[in-house]
Amino acid sequence: MSSLELDDGELDDEVEPHSRTGTLRRLLDPAFGHFVWAVHFLAVYVGAAVACVLGLGAAGEGTRTTFLAVLVALTVVATAVVVGHAVWRHRQYRDLPDQRFRMVLTIGNSGIATVGIVWQLFPILLVPVCA
Amino acid sequence: MGRDPRLILILVALSLTACGGPQSALDPAGPSAASLHRLGIIMYVGATLVTLLVTALMLVPFLRPRERSVNRNLFLWGGGVALPLLTLTALVPYVMTVGHETRAATTPQQVSIDVIGYVYWWDVAYRRPDGSRGGAAANELHVPVGEPVELFLHAADVIHSFWVPSLAGKTDMIPGRVNRMVLQADRPGVYRGQCAEYCGLQHALMAFDVIAVPRPEFDAWLARASQPTGQPETPELRQGRDLFVSLGCGACHAVRGLSEARLGPDLTQVGSRRTLGAGTVPGGVGNIAGWIASAQHLKPGNAMPSYDQLEGPQLRALAAYLESLK
Amino acid sequence: MTLTLDSPGPQPTGELAPRVAPVLFPQSSGRDGLERLEAVWALPKRFAFVTEVNNTHLGVLYIATGFLFFLGAGVLSLLMRIQLAYPGLAFLDAGTYNQFFTMHGTVMMFLFAVPIVEAFGVLLLPALLGTRDMPFPRLSALGYWCYALGGTLVFASLFFNIAPDGGWFMYPPLTGPKYSPGINTDVWVLGLGFVEIAAVAAAVELVVGILKTRAPGMTLGRMPILAWYMLVTAGMIMIGMPAVIAADILLELERAFGMPFYDATKGGDPLLWQHLFWLFGHPEVYIIFLPAAGMVSMMLPTFARAKLVGYTWLALAAISIGFLSFGLWVHHMYATGLPVLSLAFFSAASSAIAIPMGIQVFAWIATLWDGKPVLRVPLLFILGFLFIFTVGGLTGVMVAAVPYDWQVHDTYFVVAHFHYVLIGGMVFPVFAALYYWTPLVTGRMLSERLGRWAFWLMFVGFNAAFFPMHITGLRGMPRRVYTFPDDVGWNWLNLISSVFSFVFAAGVLVFLIDFIRHRRSGPEAGYNPWDAPSLEWLSHGADYGFRSIMPIRSRYPVWEQEGLKEDEIGGRGFLPDAPTREREALVTGPITGEPEQIIRLPGPGWTAFLAAAATAIALAAGTLKITAIALAAGAVAAGAYLYWLWSMDRLAPRGLADAGRGVALPLYTNGSRSVGWWGMVVLLISDAAVVASFAFAYLFLWTARPGSWPPDGSQIPGFLAPVLLSAAVIAAFILFETADRMNQRERRRDTTLCLGASAVLAIGAAVAGWFWLRGLGIDPTRHSYGAAVWTLVGTMGLHLVMGAGMALWCTVRLHLGMINSWRCLTLRICLLWWRFTAPVTVLVLLMIAGFPHVIS
Amino acid sequence: MSHVLNLARMAIALMLLPMAGCDLAPKPLNTKHVDEGDPTRGLALVAGGSYGCAACHAIPDVRFPKGNVGPPLAGMAGRSLIAGHLPNKPGVLVAFLQDPPALAPQTGMPNVGLTTEQARDIAAYLYTLEAPDGS
C-alpha cells in the first residue's frame, strides 16, 4: 500500500532555489552551456565566412593575425562564461540532494559544450584563413 | 558475432592491399591523394581497434556473468569521456594539417586549366599566361608529371563534382562560383575521374581521364592542341570534313581552324581520345561511327542527337575525318 | 522569454484539498467508474475508425503505415541492387533508376524513419509517462492522416512515372524549373512539405505531452529515459524541420513563380539550398537515431536485469547530441569549395559529438555488465545495433575529417557509412522494439526461434552487403550511378553487395511471416511478459491506458513501487472514473510533475481526418494543376480547420473538480499552466525558425555576391516607411495587449474597440508594406534580392493578416460569452502570436531598410 | 492399386513429353568453322570495345553497349547473308570484317583496322552465336 502514501512534499520534491523564474527558462537552464556553444560557433563561423567574403584572404599578415586573435579571445570568453555558469549552479545545488539530477545535467552539458568550444581553437590556430 | 571482428580485420587488410584500379583512392599517385590515404590508414586502424574493444566489452557479460556490480566510473569516464576525448584531441589537430596541398599557391609558370562541367561532359581549356583561353580539349586533361597544376572549376548548368581519386579529393563545380584546386601526378599514367555529384539522367556516364606525361611530351601535346588542324588529305577525309560543315556539327563542336562553337566537346583532337561520350565508349573510328549514328541510344538524354539519316558511306567518311583529327 | 510571454493574470488555481469534499464531478473508484471509463474510451465501430484520435490506436496505425513504406522502399533498393549486380546491365533504365534511388532515400528518410520513431513516441509515451493520452489527440490524428495520405501520394507517383528524380536532397539548379521542368519535383516539394508539417505537428504534441501530461510525482529526473530522448528529438524537429520547409517554399516559389533563389544567372545561389537543407538534414540523422537510442535504453534494463547505468549521463548525452548536431550541417558541403577554415570549424564540432556518443555506448555496455543479461530476441537486435552503429559512428568520425571526406564524399563509402548509421542506429533498434512491444499491442508473443533467424539473416546480410561498399567507394565508385564500367575493379564488390542485400531482405521477410503467424498462434503474453520496469506494461494495452493514474516515485516504478498494479487496478490512483462522460487526463507541472488541472480531451470526430484528406486532395490537385478540385478541396479543408479552432477552448465550469485521492483540481487554466499555451509557444519557436531561415536566405545571398546591395537596380529602401510601418505594427500589438487588460476588468466594450482597432491597423500595415515594396521598384522575379525581400516582407504581412484575423475571432467569441475575465485562454494565445509577430516584424523591417546602409 | 500407379506413370510421361521433345528437336548444325580462329580471343576483342563493334551491334555476350546502328549479331552462325548481299561464309566474313567497304561499298561499317588474326578470331566468335530459342 506504500504507493498510496502521497503527501505534498513528495509531489513537489524538485523545488529549485530560483523557482520564481519562468518555467521555460528553468527548463532550458541545464542546457545553458550549449546555448553559449551555439552562439560561439555561429560567431566564429559567420565571422570567418564574412571576413573572407570581404577580402581577408588578400589582406596583409597583420590583419589576419588580428582577426585570429579576436577569434581566440571570443573562444576564451565563451569558455569562461560556460565554466562560470556551471560553477555558479554547482554552488547553488551542491547542498540540495533533490537537485543532484539537475546539477549533474547542467555540469555535464557545460562540460561537453566546453569541449566543443575549446576544440574550435584547433581550426583557428592550425588552418590557413580563407584558403 | 564473435567472428565479425576478424572478418572486419580481414576486410580492412583487403581494402589496404587491393589497391588496384585506375580510379582508386587506395592507389594514390599524387601528394594530395597520398596524404589523404595516410590519414585514412591511421583512421582505419584506430576504428578497427575501437570496434574490437566495443565488441569485446559488449560480449563479455554473456560469456562470464559477474557477481560484483560494475565500476560505473571506469565505463562512463574512461570509455565514454576519456577515450573519445583523448583520441580525438590527438586526431583533430592532425586532420587540420592534412590536405592543404589542394589549396596551395602556385607560381605563374605552372599550368592553369579551366574545367567546365556540362551535362554530362567536361570542357577543358588551358589558360595562357595572360589568362586567355589557349589549347582546349574535352573529357581529357593532359598534365605534366611531377608539377602542381592549378584547376579552375566551373559549372555551365547544374552542379557537378570533379574527382580523380588517385590524384586528389573531389571539388564541386557550382553554377555562379569558381572553385580552385591544385592537382599533381607523381608518376606518368592515365588516371580515371568521374563526376561525383548527381547531375541528372546520365550522371553515371560522365567520366574523364587525366593523362600525366613528362613535361616535353606535354608541351608538344599542348602546342598541337593550340594549332589549327591540318587539311584533309584523301577524298574520303575531305568528304568527311565537308559533311562536318554541311551537317552543322560545327554549330556545337569546335575543330580548331574550322569552327569555334563550344556547346559540345572540342573535337580538335578527337581521333586521339581514349573515350567518347565522356567515358561512354572507347575511342576509335568504329566507336566514332557508332556514336554519330546513335548517340541517343548509347547515352540517352545527352545533348547530341543521333545522326541516323546518314548513308553508309557518309557515316564512314565523317567518322574517318574525325578519327584523323589527332 | 517566459517572463515576457507569460503575463500574470487571474488563474483558477488548483489546491490540494485532501479532506474537503470536491465540488464537481466526484470520481468513483468502483465498478460504475470503470464502466464509464470504458464507455468513454471505447473505439468507434467499423469504418468510423478513421474518426478515432486515441494515441494507442493512432500509434499502431502510424507504425504499420511506416513499416509499409519501409517495405516499399526496400523493394526499390532490391531492384536497384539487381541493376548494379553486373556492370552495364540494362535491367532498369537511367530514368527509372534515378526515380528509384530518389524515392528510396526520400521514402526511407521522410516516410519511414522519422515517422516511425515519432509513431513509437505517440504509441508509448502516454503509457510510459503514466497518463491516458497526448494533450492534443486531434493534432495527433491530423499529423497521422497528413502523413499517411501525403506519403501515399508521393509513393504512388512512382506508378505514374512522375516520381521525383533529383536525389533525396534535391539539389537545385538540377531541380529548378530549367533542368526539371516536369512535375516530378513538385510532387516531392509539395508531398514532402505536407509530411514535414505533419512531423512538426507530432513534435508539438510530443513536447507538450512530455512536459505537461506526466503522472503526478514524475519529476524530470524520474521520467523514463525514452521521454528524454523524445523530448530532445521533438525539440530538434521543431527547429530543424522549419529550415527544410523554408527551403521547400523557396524552391516552389522559384519553380512556380520564377523567384530566383537558386538560379545563379539571376543572383541566386545553389549553395543556399544546401545550407538550408543540411541545417535540417544533418540533425535529421540524429532525429532518427535518438528515439531509437531511447528505445534501446528502455529495453536494456529489462534484459540486463539491472537499472540503467548512468541515467543522468544518457539524458545529458541526448541533450548534447541535440544541440551539437546543429553544428554539423556543412558536414555535407566539404567539397563545395568553401574556405578550409570554415569547413574545419564543422570538423571540430563533429568531433565533439563523439563524446556524448561514447557516453551512450559505454553506458549501455556498463548496464549489460551490471546485470545478468538474458539473451532474448530484442537484446540480440540491440547487440547487433551496438556493433553496427559503432562501425557507422567510427566511419562518421572519418567523414567528419574534412580532407578525408574529399575522397569519400558522394561515393559508396558514404553509402556504406550512412546505412551503417541508419540501419544500425535505427532499423535494428526498431526491430528490437517491434519484438519487445508487440505483446503490449497484440497480447501475444512473437516467436523466439524465428526471431533469431530474422536477426542472423539481417545481421549477416547487412554486413556482407554494406561492408564491401566502403571499399567500392574508396576504389572510386560514386553513388547515384545507374551503371558502371566493367574495367575499373568494382565488379565483385557490387555482386557481393547485391547478393547479400537479398539475404537482408530475407530476414525482414522472416519477421513478417512471424508477425502474421503470431496473431493466431503466438503464446499469450499476459501481464508484463518481459518483467520490465516501466509503466507501459502496467496499462497492458487498454484503450484508456490505466484504470487510474498512479503517483510515481521512481524511475523504475514497476520494479520498485510495491502494490502499484493492485492500486492501479483498484482505482486508487487519480481519475479512476469519467464522471463528465468525456475523456479526461491530468495536466502536471513541466518540472515537478505536480498535478495542475484536469483536461477533457476530444473523443472520436471527423474534423482531423476530414481536414487532412481535404488538404491532401487540394495539394494533389494543385500539383496536377486541376484548379477547380484544388479550390473546392481547399475550401473544405479551411472549413474543417475553422470548425476545429472554434471547438477549442471549450466551456468548462470554473470550479474545482475531483481528481481522485482527495485532490481537487481546476478544469480550466490560463497562461503557462494550460497545454494550449505550451502548444502555441512550441509552434512559435518553429515559426521563428522559418522566419530566421528566410532572413538567412536574404543575408546569404548577399555574401554569395558581395557588392552593391540592392544589386538589381531597385531603390535602396529608406527609413521613413519602415519606421511608420513599425509604429503601426507596434500600435496594433499594444492595442491587443490593452484588449487583454480590458477583458480582465470585464470591460467588454473597450475590449472590442481595442481588438477592432488592432485588426484595422494590422491589415493597414500589411497593405502599406505591399505598396512600399512596389514603390521601391523591387521585383521578385528579376533578381534574388527582390525575391528574398518579398518573401520576408510577405511572410510578416501574412503574420499581420493572421493577427488581424485573431482579433476578429476573439471579438466574436467575446460577444458570444466564450471569453470573459477568467476564461481568456483564446485571447492569451492570440496575444502570444502578437508578442512574437510585432517584434519580429520590426526586426525584419529594420534589416531590410538598414542592411544596405550598413554594408555600403 | 496398380491401376492408380499406371495412371500416375502416364501422367508423368505426359508431363515429360514436351521436355523430351525439346531434346529431340533437330539442332541447327554449326558447319561454320574458321581456321585458326579462337572464339575466346574474338570475344575479348569484341568486348574490349576499342573496335566499336558493340557501339553499333547488339552482341549477346556484351552487356554494354548494345548498339542499334547495325543488325544484332545474335544468330550470326545461322544467317545466310552478310550486309544483305554477301554469302555468310567464313572466308567472306573474315574479309568483310577486315575491310567492309571493299566488299559492300554502301555499308556504314568502317574499316576499323583489324589484322587478319583478329578478324579470324572475331569471325570464330561470331560463328558461336546461334539463333536464340524460339526465333
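The values are calculated or read from the model by the stated rules, or taken from the named source; none is laboratory data. Everything numeric in this text was worked out from a predicted model, so none of it was measured. Cβ coordinates were reconstructed from backbone atoms using ideal geometry, including for glycine residues, and neighbour counts include every protein chain displayed. All accessible areas refer to the heavy atoms of the entire protein, side chains included, with ligands and DNA or RNA removed. Shrake-Rupley method; radii C 1.70, N 1.55, O 1.52, S 1.80 Å.
Annotations
- Cβ-Cβ distances below 6 Å connect the following pairs, each with a first residue in segment C:750-773 that is in the same structural domain as C:Trp834 (by TED's automatic domain parsing) and more than 19 Å from C:Val840 (Cβ to Cβ), a second residue that is among the polar types (S, T, N, Q) and open to solvent by less than 30 Å² (accessible area, probe 1.4 Å), and a separation of six or more residues or different chains: C:Thr751/C:Asn743; C:Thr752/C:Thr811; C:Leu755/C:Thr811.
- Candidate set from segment B:48-77 (those that are open to solvent by less than 30 Å² (accessible area, probe 1.4 Å) and at the interface with chain C (Cβ under 8 Å from one of its Cβ atoms)); member that is farthest from C:Gln360 (Cα to Cα): B:Pro61
- Within segment B:263-297, tally of residues that are within 27 Å of B:Ala155 (Cβ to Cβ), in a loop (DSSP other than H, G, I, E, B) and within 10 Å of chain D (Cβ to nearest Cβ): 4
- If the condition is being within 16 Å of B:Tyr126 (Cα to Cα) and of a type in the set (Asp, Glu), then segment B:206-264 contributes B:Asp209, B:Glu217, B:Asp219, B:Glu260.
- Of all residues in segment C:362-379 being open to solvent by less than 10 Å² (accessible area, probe 1.4 Å) and of a type in the set (A, V, I, L, M), the one that is farthest from the other protein chains (Cβ to nearest Cβ): C:Val377
- Of the residues in segment C:601-621, not one is in a helix (DSSP H, G or I), more than 11 Å from chain A (Cβ to nearest Cβ), surrounded by 18 or more Cβ atoms within 10 Å (Cβ to Cβ) and more than 27 Å from the chain's Cα centre (by Cα).
- Unmet requirement for C:Lys266, which otherwise passes all of (1) under 30 Å from B:Ile159 (Cα atoms); (2) of a type outside the set (A, V, I, L, M); (3) crowded, with 24+ Cβ neighbours inside 10 Å: (3)
- Filter result (surrounded by fewer than 16 Cβ atoms within 10 Å (Cβ to Cβ) and within 24 Å of D:Asn111 (Cβ to Cβ)) within segment B:233-255: B:Glu233, B:Thr234, B:Pro235, B:Arg238, B:Asp242, B:Val245, B:Ser246, B:Leu247
Residue by residue, here is whether (1) open to solvent by 20 Å² or more (accessible area, probe 1.4 Å); (2) within 23 Å of C:Ile319 (Cα to Cα) holds:
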{"position": "A:Gly62", "(1), (2)": "yes, no"}
{"position": "A:Val72", "(1), (2)": "yes, no"}
{"position": "A:Val87", "(1), (2)": "yes, yes"}
{"position": "A:Arg91", "(1), (2)": "yes, yes"}
{"position": "A:Leu105", "(1), (2)": "no, yes"}
{"position": "A:Asn109", "(1), (2)": "no, yes"}
{"position": "A:Val115", "(1), (2)": "yes, yes"}
{"position": "A:Trp119", "(1), (2)": "no, yes"}
{"position": "A:Ala131", "(1), (2)": "yes, no"}
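- Just one of the listed residues (C:Ile471, C:Ile496) is open to solvent by 20 Å² or more (accessible area, probe 1.4 Å) and over 33 Å from the mean Cα position of the chain (by Cα), and it is C:Ile496.
- The residues on offer are C:Leu701, C:Leu645, and the sole one that is touching a Phe, Trp or Tyr at 6+ places or on another chain (Cβ under 9 Å), assigned to a helix (DSSP H, G or I), farther than 25 Å from C:Asn54 by Cβ and modelled with pLDDT under 95 is C:Leu701.
- Residues in segment C:558-574 include at least one that is hydrophobic (A, V, I, L, M, F, W, C) and either in a loop (DSSP other than H, G, I, E, B) or touching a Gly at 6+ places or on another chain (Cβ under 8 Å) (or both).
- Of the residues in segment C:444-453, none is within 11 Å of chain B (Cβ to nearest Cβ), open to solvent by 20 Å² or more (accessible area, probe 1.4 Å) and either modelled with pLDDT of 95 or more or in contact with a Ser or Thr (Cβ under 9 Å, 6 or more places away or on another chain) (or both).
- Candidate set from segment C:801-824 (those that are in a helix (DSSP H, G or I), open to solvent by less than 10 Å² (accessible area, probe 1.4 Å) and among the hydrophobic types (A, V, I, L, M, F, W, C)); member that is farthest from C:Leu725 (Cα to Cα): C:Leu814
- Residue that is part of a loop (DSSP other than H, G, I, E, B) and modelled with pLDDT of 95 or more, where the choices are C:Val510, C:Val481, C:Val503, C:Val488: C:Val481
- Subset tally (residues that are among the hydrophobic types (A, V, I, L, M, F, W, C) and in contact with a Pro (Cβ under 6 Å, 6 or more places away or on another chain)) for segment C:778-810: 2
- Among residues of segment B:12-47 being at pLDDT below 70 and in contact with a helix residue (DSSP H, G or I) (Cβ under 6 Å, 6 or more places away or on another chain), the one that is nearest to the other protein chains (Cβ to nearest Cβ) is B:Ser15.
- Flag for C:Gly461 being small (Gly, Ala, Ser), in contact with a Gly (Cβ under 7 Å, 6 or more places away or on another chain) and assigned to a helix (DSSP H, G or I): yes
- Considering the conditions (1) closer than 22 Å to B:Val70 by Cα; (2) among the hydrophobic types (A, V, I, L, M, F, W, C); (3) open to solvent by 10 Å² or more (accessible area, probe 1.4 Å), C:Leu314 is excluded by exactly one of them, (3).
- Per the conditions (1) under 24 Å from C:Tyr86 (Cβ atoms); (2) open to solvent by less than 40 Å² (accessible area, probe 1.4 Å); (3) touching a residue at least 24 places away in the same chain (Cβ under 8 Å); (4) not in a helix (DSSP H, G or I), the sole criterion not satisfied by D:Glu130 is (2).
- Candidates are the residues of segment C:583-600 that are open to solvent by less than 10 Å² (accessible area, probe 1.4 Å) and among the aliphatic types (A, V, I, L, M); the one that is farthest from the chain's Cα centre (by Cα) is C:Ile598.
- Contact map, segment B:117-134: first residue within 20 Å of B:Ile174 (Cα to Cα), second residue open to solvent by less than 40 Å² (accessible area, probe 1.4 Å) and basic (Lys, Arg), Cβ cut-off under 8 Å, separation 6 or more or different chains; pairs are B:Tyr120/B:Lys299.
- Filter pass, C:Arg745 being more than 38 Å from the chain's Cα centre (by Cα), open to solvent by 70 Å² or more (accessible area, probe 1.4 Å) and at pLDDT below 95: yes
- Exactly one residue among C:Ala256, C:Ala203, C:Ala227, C:Ala264 is out of contact with any His (no Cβ under 8 Å at 6 or more places or on another chain) and either at pLDDT 95 or above or in the same structural domain as C:Tyr698 (by TED's automatic domain parsing) (or both), and that residue is C:Ala227.
- Cβ-Cβ under 7 Å pairs, at least 6 apart or on other chains, segment C:258-274 side at the interface with another protein chain (Cβ under 8 Å from one of its Cβ atoms), far side crowded, with 24+ Cβ neighbours inside 10 Å and of a type in the set (Ser, Thr, Tyr): C:Gly268/C:Tyr262; C:Gly268/C:Ser784; C:Asp269/C:Tyr262; C:Pro270/C:Tyr262
- Single match in C:Phe346, C:Phe326 (criterion: open to solvent by 20 Å² or more (accessible area, probe 1.4 Å), closer than 30 Å to B:Arg177 by Cβ and not β-branched (Val, Ile, Thr)): C:Phe326
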